[in-house]
Every structure is written in C-alpha cells, then in structure tokens.
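Engineer: This is the structure, below, for whatever I ask next.
The values are calculated or read from the model by the stated rules, or taken from the named source; none is laboratory data. Values in this document were obtained by computation on a predicted structure and should not be read as measured data. Here Cβ is always computed from backbone atoms with ideal geometry, including for glycine, and neighbour counts include all displayed protein chains. Protein only, heavy atoms only, side chains kept; ligands, DNA and RNA dropped before computing areas. Shrake-Rupley method; radii C 1.70, N 1.55, O 1.52, S 1.80 Å.
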Amino acid sequence: MKHFLLICFSMALVLASCGPAKSTGNDLAVNNPIETSINLTEVKDDKVPVMINPGRITLDTVVFRLPRVVQGTYAISDFGSFIEDFQAIDYDGKELRSKKIDTNTWVIYEAANLEKIHYWVNDTFDVESTGQAAPFSPSGTNIEEDNYVLNLHGFIGYFDSLKSNSYVLDVTAAAEFDRTSALQQVEEVVSEDGKVVTTRYQATRYFDITDNPMMYGKLDVEEFMVGDIKIVLSVYSPNKIHSATSLKETMFKMMEAQKNYLGDLNSTERYDIYVYLAGKNAGAPTGFGALEHHTSTVVVMPESMPKEGLEKQLIDIVSHEFFHILSPLSVHSEDVHYFDYNQPTFSKHLWMYEGLTEYFANIFQIDQGLISEEEFYNKMMNKINTASSLDDTMSFTEMSENILEQPYARNYYNVYQKGALIGMCLDIILREESNGEVGILSVMKELSAKYGTDQPFDDDKIIEEIVAMTYPSVGEFFDNHVIGGTPINYSKYFEKVGLGINESKIETNYVQNAGKMIVRGDREAGVVKFNDQVVNNSFWNEAGAQPNDIIKNIDGEEVSMENANAVFGQVFGWKPGRDIRVILLRDGEEVLIEKTLTTSYTMGELLGRNSDITEAQQALLEKWLKG
Ligand SMILES: [Zn+2]
C-alpha cells in the first residue's frame, strides 16, 4: 500500500486484548461452499444487510470473525466494529445463542442448528470522515446512494475452521448501477421488473474474498490492453471533475512503461484499478493512498486535485501498487502466506515488500523516460529529507516484525522513504559489483521464479539467500543498515555513480520544502499550523506567514484536522499563477494573505552529477538509471 501526504493520518494502535486463536479442530463434516449475500437494494441508514450460510456444521460451537488486520496494511482495522445487529439463526428461523467475545469475534452456540448468520454493515468512510479511528480508506468500505466501495473483507467474515472453504457471493443491486469486479462471475439474475440484478460470484477460499474488491454505483469505466493484460479502470468522481476517460491515457503510458521495465514476468490477464475520488462532502474519506491486491488496486485521492497533479500522484501510487506483484504478492514469507486476519505475525522484510516496491515505482520512471534525471534525483533527495524526520537508527527488520506496536508503528511511513533508499543503495552496490550488468530487479525476478505466489520463503533465511546469490558487500549493507541501525551515508553510494549533494536553491511546492513538511496538525487543538520550516519556503516567507500561524481558511474553505489531507492535497497541486486567499490566525488575530502564486524555492540539498565525474562513474550511472 502507499500513503499520500501524511498530515493527520490516524489509526487505532491499541492492541485488542484477545487471547490466542482457539483451535476448533478439523471435525467439520462437510466442505460445501459458504453462501453469502450483500443486498445493496435494502440499505438502511447507510447500512447494508449481509447474510452468511456456512452449510451444515457438526460442531457444538463455532467461531465467526471479521478481520482485525487485512493484508498489506500493517495496522489494525477492526472490521468487526462496523457490524451491527449480529444474529445467528437456526433451521426453524429462531435466533440461536451467540456471544461477541471481542471487537471482531462472535461465538455461536448449538452450532449444529445454525442455518445462517445475518448482520448489518456500517461503512468505514463515514466514520473516518469524523476523525475517529477507522481503516485506511483504500482498505475501507463506502455505502452511499450512488457509490459502493466493496472491499469485501469489510462485509464478509470467516469461520476460524472454514477459511479454506470456497465461497459463493450474491450481490444484489439496482440494474442501473455500473459494477466492476475481478472476482469470477458465475451468473446474473434480473428481477421480473428489470430493476434489480443479482450477480453471483465465486471465490476459491476466504483469501480470494479479501483479495478482490469491487465497486458498484455510478462509475465511469474504461478498458484497454497493455500488451496482453486487460486493464479495467473504474473511476468514481462525485462531482464529475475527473473521469476514466480523462485519466486513461496517463494510466496506459504508465502501465506500458512498467511492463517494459519488468520484461518477461508472468503476470495477470486482467488488472483492475479502482479510483475513488473523495469530494468535500460529509462522509468523504480523509486518508489518501492505495492498497495492493494480486490483480487489482484500490486508490483513494482527493477529487479537488488539479488534473496534472492528480496524474503525477496516480503514476507514483498506482505504479507502486502494480509493482507489488513482485513482492509481497509473488515473493513473500510464511507470515504473509499463512496470514492470520485476527492475530497475524509479521515478516522482517518490509524493506522488500514496501521499500523495494517504492524504489521500483521511482526508478522505472527514469528508466522508461517518464521523468527527467533531475526529477528522479529530486525524488530521492525528498526521500532522504523525509526519512530524516523519522527514526534513522531503528533496525528495519525489527520494525517490520513489530509493526503494530510503538515505537515501530509511528515509524511505518519510513518504509516508503528509507525503505526505498535501501533499495536504491542495494541497486547501486549490485551494479558496481557486476560492472553494471545486474541490479536489484534481476535479483527479485530470480526470487520470483524460485518462489512465486504459491511458495513462501523462510523469513529468517532470505537475507542470507540473497547474499549467497550476490556479493559479500550486499551482506555487509544488510548487516549494517537493514538488520543493524547504523544510518546510511548516502553520499558514499552516490559517489560510486559520480553524483554529489550540494547546497542549492531548489524549486519546491507550497506544502513541503523538498520533502520536509511545512505544516503540522495540532491534534489537541484540532487545528493545522505552519511549522518552523515555513520561513524557508520563499513564497510563504515573502507572503508573511510565520511559524505557529494557524491556517484557518484556504480559498473560502475552513481548514480542520478532518479535512486537512484533502485541503493540503489540493495545495500540493497548486501551480504558479493561481490566485489564492488564505486566512491565518496569529495570537487570535486574523491575517489575510491574498496573492498570486509565484514559484516557491527553498535552500536545500540538491543531488546531481559531479563536475569531475569519471568515465567509469558515468558508465555505471547510465547502467543504474537506464538498465
Ligand atoms: Zn505498498
């Protein structure tokens, strides 16, 4: 997954106090599909009715859960907290005794009499929009008149003992709705009056339910081929500001470049991109970014972003999600493979799953000519700057393994920063050792061929294995900077390819100074303020903004912690020439800034070719950047 602009990202970090999962043994007599249904025509108060029929159960008690954690998020989601009016019903239509034993778990007694379970599901976007703890929105759910984000793990639960049973899912919805899903469709039944359609899908096991999100409602859908992959782009833009048609060209160019970059790699026949663009209405989600699945990704971004800014962000974010097909979707450890949605254990290798993925999402853009050399260097320097505000001495393997707990959880964002830089250094080391021939992509492709989707690696052995495949210097780097907590001296690696870092005037945007945020959320006061960095941003400095000024209103919109990500997502996309009107609060007095945007600069570290770059360095640089 990937987060975009983290201003006030909040998530439940308190570990629920539930004991180890109880083993219910293997004494279920039958292995029928679990029949489930979601009815979008019977929504009440933004809640959807869900029915689960497990077939005949031969146990006295059975445990039913909704996921506490879903794959790819590395945080607690507690989907059980969105379930209401849980009822277990017997074959005579009477309610059976059941007990909710924790946020996500129900025990059903006299389970041999259980015919079905019925409950109502509340959506997560609504809860997130009020500032309460909620799942990261790309993994969340939306129930709204004209849009349904069906991340199915938020609707459909599992029985501890039946996780490998197949599932049948009926989704009933208005016939006028568009619908996209990568889940295998079995049949479609239209009501007599033609107004309602029930679509039947099937999934081979619970994992496939969680791995195949759907979108229903008034969507805009475009399909196109990239090589032999069919791309299905579904866009929901509540105010019709963007559309699948307007974003298609960018997505096509990006996916084509990714495919060229990856070369011969077994991939999927179809890949779905679900883009939910959040408006400014009540109930709109506030956490932006995306979450990966094997054959799809769900992206949530602010609708108000200008087209060019949104396209740039979509390239960074969607390409990241697509590169996840290498890892963890293909190359992963047992922790990922045998994922427990209630009490997961975590792999030590977020440097690979998120770090390398993020690195590939950057290097492929220069490799394939989507961005200039200068833009690529700036992206890497931004990562170095952002990483400097996080704990640089924390062991990455230790952080990964304990990612739900503090102080590790609050450093999670570093997987996209230092994690990507770890990938960059490994790539440079490999290029240097192999005379430019081999890079980190080759290593990952080799691992993918060896392991692949169906075979996990041993979490404690994979680094040794990579070192054995490559060079001792790679092992040294892992020991010092991935397992160990020694900060990386990036100049040492840049020097190998003839690059140097120099203090210089750098063009920047209106939210960051070359990657360093200039605003911060004050959670207690519920406001967003400029921080000390604001004086180093030429535009805001000249406009008279000062540290600790509260940003009260931007272009007529009141700024709060709840809408901060949306508002500053828009500011992030501002371009010179735009007229802005910003009201600040300084010591209780309003300060008005009414100006036309000029290009903003900051003093910072600029990465570029050294004037005395040698031929050998230049050759290695070319191999690194252009394969
Ligand atoms: Zn990711």
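Engineer: Counting only residues that are among the small types (Gly, Ala, Ser) and either more than 31 Å from the chain's Cα centre (by Cα) or surrounded by fewer than 18 Cβ atoms within 10 Å (Cβ to Cβ) (or both), how many does segment 171-198 have?
Structural biologist: Residues in segment 171-198 being among the small types (Gly, Ala, Ser) and either more than 31 Å from the chain's Cα centre (by Cα) or surrounded by fewer than 18 Cβ atoms within 10 Å (Cβ to Cβ) (or both): 4 in total.
Engineer: Anything in segment 243-255 that is buried (at least 16 other Cβ atoms within 10 Å of the Cβ) and either over 19 Å from the mean Cα position of the chain (by Cα) or at positive phi (or both)? List them, or say none. Spell out how you get there, then give the answer.
Structural biologist: To start, the set of residues in segment 243-255 that are buried (at least 16 other Cβ atoms within 10 Å of the Cβ) comprises 243-244, 246-248, 250-252, 254-255.
Matches in segment 243-255: Ser243, Ala244, Ser246, Leu247, Lys248, Thr250, Phe252.
Engineer: Moving on. Please find, within segment 507-549, the residue that is modelled with the lowest pLDDT out of those that are farther than 15 Å from Leu597 by Cβ, open to solvent by 40 Å² or more (accessible area, probe 1.4 Å) and out of contact with any helix residue (DSSP H, G or I) (no Cβ under 8 Å at 6 or more places or on another chain).
Structural biologist: Among them, the one singled out is Arg523.
Engineer: Tell me the strands (runs of 3 or more DSSP E) entirely within segment 226-320 that contain at least 3 residues that are touching a Leu at 6+ places or on another chain (Cβ under 7 Å) and more than 16 Å from the ligand (Cβ to nearest atom).
Structural biologist: On the way: elements: 229-236, 270-278, 289-292, 296-302.
Once the strands (runs of 3 or more DSSP E) in segment 226-320 are filtered for at least 3 residues that are touching a Leu at 6+ places or on another chain (Cβ under 7 Å) and more than 16 Å from the ligand (Cβ to nearest atom), what remains is 229-236.
Engineer: Please find, within segment 416-470, the residue that is farthest from Pro328 (Cα to Cα) out of those that are of a type in the set (A, V, I, L, M) and touching a strand residue (DSSP E or B) at 6+ places or on another chain (Cβ under 8 Å).
Structural biologist: Ile462
Engineer: Suppose we filter Asp391, Asp458 for residues that are touching a residue at least 40 places away in the same chain (Cβ under 8 Å) and over 29 Å from Ala257 (Cβ atoms); which single one remains? Give the steps one after another, and end with the answer.
Structural biologist: Working: Asp391 fails: touching a residue at least 40 places away in the same chain (Cβ under 8 Å).
Exactly one of Asp391, Asp458 is touching a residue at least 40 places away in the same chain (Cβ under 8 Å) and over 29 Å from Ala257 (Cβ atoms), namely Asp458.
Engineer: Let me ask something else about it. Considering only segment 471-480, I want to know if a residue exists there that is out of contact with any Ser or Thr (no Cβ under 7 Å at 6 or more places or on another chain), open to solvent by less than 10 Å² (accessible area, probe 1.4 Å), of a type in the set (Phe, Trp, Tyr) and modelled with pLDDT of 95 or more.
Structural biologist: For segment 471-480, residues out of contact with any Ser or Thr (no Cβ under 7 Å at 6 or more places or on another chain), open to solvent by less than 10 Å² (accessible area, probe 1.4 Å), of a type in the set (Phe, Trp, Tyr) and modelled with pLDDT of 95 or more: present.
Engineer: Oh, and also: Checking Thr357 against (1) away from the ligand (no atom under 14 Å from the Cβ); (2) hydroxyl-bearing (Ser, Thr, Tyr); (3) at pLDDT 95 or above; (4) open to solvent by less than 30 Å² (accessible area, probe 1.4 Å): exactly one of these is not met. Which one?
Structural biologist: Thr357 satisfies all of (1) away from the ligand (no atom under 14 Å from the Cβ); (2) hydroxyl-bearing (Ser, Thr, Tyr); (3) at pLDDT 95 or above; (4) open to solvent by less than 30 Å² (accessible area, probe 1.4 Å) except (1).
Engineer: Going by the conditions given, is Phe364 within 12 Å of Leu625 (Cα to Cα) and among the aromatic types (Phe, Trp, Tyr)? Reasoning before the result, please.
Structural biologist: Values: within 12 Å of Leu625 (Cα to Cα): yes; among the aromatic types (Phe, Trp, Tyr): yes.
Yes, satisfied.
Engineer: For segment 199-242, enumerate the residues that are open to solvent by 30 Å² or more (accessible area, probe 1.4 Å) and in contact with a Lys or Arg (Cβ under 7 Å, 6 or more places away or on another chain).
Structural biologist: Selection gives Arg205, Glu222, Glu223, Gly227, Lys230.
Engineer: Right, next: Got a sec? Which helices (runs of 4 or more DSSP H) wholly within segment 365-449 have at least 1 residues that are away from the ligand (no atom under 16 Å from the Cβ) and closer than 24 Å to Leu607 by Cα?
Structural biologist: In segment 365-449, the matching helices (runs of 4 or more DSSP H) lie at 373-387, 418-433.
Engineer: Continuing with the same structure: Give the residues of segment 208-225 that are hydrophobic (A, V, I, L, M, F, W, C), touching a residue at least 12 places away in the same chain (Cβ under 8 Å) and not in a loop (DSSP other than H, G, I, E, B), sorted by residue number.
Structural biologist: Scanning segment 208-225 gives Ile209, Met214, Met215, Val221, Phe224.
Engineer: Please enumerate the residues belonging to segment 270-289 that are at pLDDT 95 or above and charged (D, E, K, R).
Structural biologist: Once the filter is applied, which keeps residues that are at pLDDT 95 or above and charged (D, E, K, R), segment 270-289 yields only Asp272.
Engineer: Could you list all residues from segment 391-409 that are surrounded by 15 or more Cβ atoms within 10 Å (Cβ to Cβ) and either farther than 16 Å from Gly484 by Cα or among the aromatic types (Phe, Trp, Tyr) (or both)?
Structural biologist: Phe396, Ile403, Leu404, Tyr408, Ala409
Engineer: Also, quick follow-up: Answer yes or no: is there a residue in segment 321-333 that is within 11 Å of the ligand (Cβ to nearest atom) and charged (D, E, K, R).
Structural biologist: The answer is yes; a qualifying residue exists.
Engineer: Does Tyr493 satisfy the condition of being assigned to a loop (DSSP other than H, G, I, E, B) and among the hydroxyl-bearing types (Ser, Thr, Tyr)?
Structural biologist: Against the criterion (assigned to a loop (DSSP other than H, G, I, E, B) and among the hydroxyl-bearing types (Ser, Thr, Tyr)), Tyr493 does not qualify.
Engineer: Here is a further query. For segment 64-89, how many residues meet the condition of being open to solvent by 20 Å² or more (accessible area, probe 1.4 Å) and either in contact with a His (Cβ under 7 Å, 6 or more places away or on another chain) or touching a residue at least 24 places away in the same chain (Cβ under 8 Å) (or both)? Quick ask: steps written out before the conclusion?
Structural biologist: Taking segment 64-89 and keeping what is open to solvent by 20 Å² or more (accessible area, probe 1.4 Å), we get 71, 74, 78, 81, 84-87, 89.
Keeping just the survivors that are either in contact with a His (Cβ under 7 Å, 6 or more places away or on another chain) or touching a residue at least 24 places away in the same chain (Cβ under 8 Å) (or both) gives 71, 74, 78, 84-87, 89.
Residues that pass the stated criteria total 8.
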